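Here the structure comes first, spelled out in C-alpha cells, and everything after it is commentary.
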Amino acid sequence: MSETPFDPGRRQLLNLAAATFLLSVSRAGMAADDTQIVAVRVWPSSTYTRVTLETSDAIKFKQFTVTGPDRLVIDLEGVRLNGILKEINAQISSADPFIKTARAGQFNPDTVRLVLELKNAVRPQLFTLAPVAGFRNRLVIDLYPVAAQDDPLLSLLEDYNKGKLREPDVQTRPKTDRSRPILVMIDPGHGGEDPGATGPSGTHEKNVVLQIGHLLRDKINDSGKMRAFMTREDDVFIPLGVRVAKARKLNADLFISIHADAFLTPAARGASVFALSEQGATSTAARYLAKTQNDSDLIGGVKIATRDRYLAHTLFDLTQTATINDSLKLGRAVLGQVGNLNRLHKGRVEQAGFAVLKAPDIPSILVETAFISNPEEEQRLLDSDFQQKMAEAIFSGVRTYFAQGAPIANA
Ligand SMILES: [Zn+2]
C-alpha cells in the first residue's frame with residue numbers, strides 16, 4: 001500500500017511554483033489546509049529503527065543524506081511546524097542504535113525540515129502508507145545499517161522474493177536423528193506499529209506474546225537438545241514474509257507463531273491452534289482470523305509487499321502437502337498440551353491461508369493462546385504464571401511431536 005516515493009528530478013521547478021503559490025494563499029488565511037503532523041512515534045530496535053509521522057493528509061517529501069556528521073535530512077512539504085514535531089527529540093532514546101538526535105524546523109513557509117543526526121551511516125527507506133485500521137496517513141522512515149550485519153532484513157526479503165533461499169525438496173527431510181540440534185523458530189506476532197489486538201484493559205497482544213515467546217525460547221534452549229530463535233526479540237515490526245524468510249534461512253525444523261485472539265463480543269474464550277490450509281479455510285472464523293492476521297503488513301507498514309510465491313499455484317506440490325500433514329501433527333500435539341492449561345476454543349486444529357505459515361518445507365503452526373478481548377483471559381495473559389505454563393504447554397507439544405518420530409529438516 002505504499003505510494004511511489006517522491007521523485008526530486010524535474011518536479012523541483014513545479015514545487016518552487018507550488019511553494020510560491022501556497023505562500024501567497026497561506027498569507028491569505030488558508031493555513032488550515034496545511035498537512036498536520038498528528039503523531040510522531042519512534043521504534044528503535046536491534047534490527048532497524050523506524051520513525052513514523054502520522055499526518056492528516058498524504059504528505060510529499062524529499063530526502064538526502066549529509067556526512068560529517070552523518071545526517072538524514074527530510075523536507076516535508078505543505079507542512080507547518082507544530083508542537084508534536086518540535087518535541088520529536090524527546091522521543092529519541094540514548095540507546096537508539098541509529099539516531100543520535102532529531103530536530104525539526106520551519107525551513108521555508110511551505111516546508112518543515114526534519115534532521116536526524118545519526119550515530120553511523122544508515123540505509124534509509126522512506127515510504128508512505130494510506131490510512132488503515134485507525135491510522136491516518138503515515139510517512140515511514142526506516143533506518144537500516146549500511147554494513148551487512150546479523151540481520152539484514154531487507155536483503156533477506158529480497159532474496160526470498162527472488163527465490164534465492166533454499167528450494168523445497170521433500171527428499172531432504174530425513175526421518176533420522178543427526179548431530180545438529182532441532183531448530184525452532186519462534187514468531188511472536190505483531191510488534192512496533194502493529195499492536196495486534198488490544199484487551200478491554202488496554203493490554204496489547206504484541207507485548208504478551210513477546211513475553212510468552214521469550215519464555216518458550218528459554219525452555220527450548222534449556223532442554224539442550226533443541227535451539228530456539230526468534231523472528232523478533234523486541235518491540236519491532238517485522239513483515240510477515242521476512243518472518244518466514246528468517247525461518248528458511250535458518251533451515252528451521254519448526255515455526256511456531258504466537259498470538260492472542262480477539263472477537264467482537266467479550267464472551268469468546270479459549271485457545272486455538274491453526275495450520276495452513278491447502279483448500280480454503282476450515283471455518284468462517286478461521287478464514288476471518290487469517291484475513292485479520294494477514295492485514296498485519298498493512299498495519300505494521302511494509303515498503304515491499306512480499307509476493308505470494310507459494311500460493312500462486314492452484315495445486316500445492318508434494319512438499320507442501322507433506323509439510324501441512326506435519327503441521328497438523330504438530331498442531332494436534334500442541335493443542336493437546338494447551339488444552340490441559342486453557343479451555344480450548346475449538347477441539348481440533350483449524351486451517352486457513354495464514355501468510356506467516358507459508359514456508360513450503362517447515363511445519364508451521366499459529367497458536368492463539370487465549371482471547372485478549374475476554375476480560376478474564378486478558379488478565380491471565382498478563383499473569384507470569386500463566387505465561388510460564390503456556391510456554392511449557394507449547395514446549396511439551398513440540399517434544400511430543402518429535403517423540404512421535406517427526407521428520408527434521410536437512411542440515
Ligand atoms: Zn495476532
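FYI, it's all coordinate maths here, none of it is from the lab. On a predicted model such as this, the values are computed, not experimentally measured, just so you know. Backbone-built Cβ (ideal geometry, glycine too); neighbour counts: all protein chains shown.
Classify region 218-373 as rounded, prolate or oblate, taking a ≥ b ≥ c as the square roots of the eigenvalues of its Cα gyration tensor: rounded when a/c is under 1.5, otherwise prolate if a/b is larger than b/c and oblate if not. Intermediate values should be presented prior to the final figure.
Details: a/c = 1.21, a/b = 1.10, b/c = 1.10.
Rounded, since a/c falls under 1.5.
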Cut-off under 5 Å, modelled amide H: who pairs with GLN36 long-range:
SER56, ASP57
Report the FRET efficiency, 1/(1 + (r/R0)^6), for ALA58 and ALA121, where r is their Cβ-Cβ distance and R0 is 22 Å, rounded to 0.05.
0.15
Counting only C-alpha contacts under 8 Å and six or more residues apart, can you give the relative contact order of region 37-145 as a whole percent?
31 percent
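Given the Cα-Cα distance of THR292 and ARG136 and 0.36 nm per residue of separation, how much length would full extension add, in nm?
Numbers: separation 156, 0.36 × 156 = 56.16 nm, distance 1.85 nm.
Computed gain between THR292 and ARG136 is 54.3 nm.
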Residue by residue through region 82-91, which ³J(HN,Hα) values in whole Hz follow from phi under the Karplus form 6.51 cos²θ - 1.76 cosθ + 1.60 (θ = phi - 60°), with glycine and proline marked x?
9, x, 4, 6, 4, 8, 4, 5, 5, 8
Inter-site label distance for ARG343 and SER201 at 7 Å from Cα along Cβ, in nm
2.0 nm
Return the sequence-ordered ³J(HN,Hα) values of region 267-276 in whole Hz as given by the Karplus equation 6.51 cos²θ - 1.76 cosθ + 1.60 applied to θ = phi - 60°, using x for Gly and Pro.
6, 4, 7, x, 8, 9, 10, 10, 10, 5
Rounded to whole angstrom, the alpha-carbon centroid of region 328-402 lies from that of region 184-198 at a distance of 15 Å
Pairs LYS206/LYS329; LYS62/LYS358; LYS219/LYS329; LYS225/LYS246; LYS62/LYS86; LYS100/LYS249: which exceed 25 Å Cα-Cα?
LYS206/LYS329; LYS62/LYS358; LYS100/LYS249
Whole-Hz Karplus couplings 3J(HN,Hα) for region 227-242, θ = phi - 60° and coefficients 6.51, -1.76, 1.60, Gly and Pro as x, run 10, 10, 10, 10, 5, 8, 9, 9, 7, 10, 8, 10, x, 4, x, 5
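Contour minus end-to-end for SER46 and ASP222, with contour as 0.36 nm per residue of separation and end-to-end as the Cα-Cα distance? Could the numbers behind the result be given before it?
On the way: separation 176, 0.36 × 176 = 63.36 nm, distance 2.39 nm.
Full extension of this stretch gives 61.0 nm more.
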So, R0 is 45 Å and r is the distance between the beta-carbons of ALA267 and THR101; what FRET efficiency does that work out to, to 0.05?
0.35
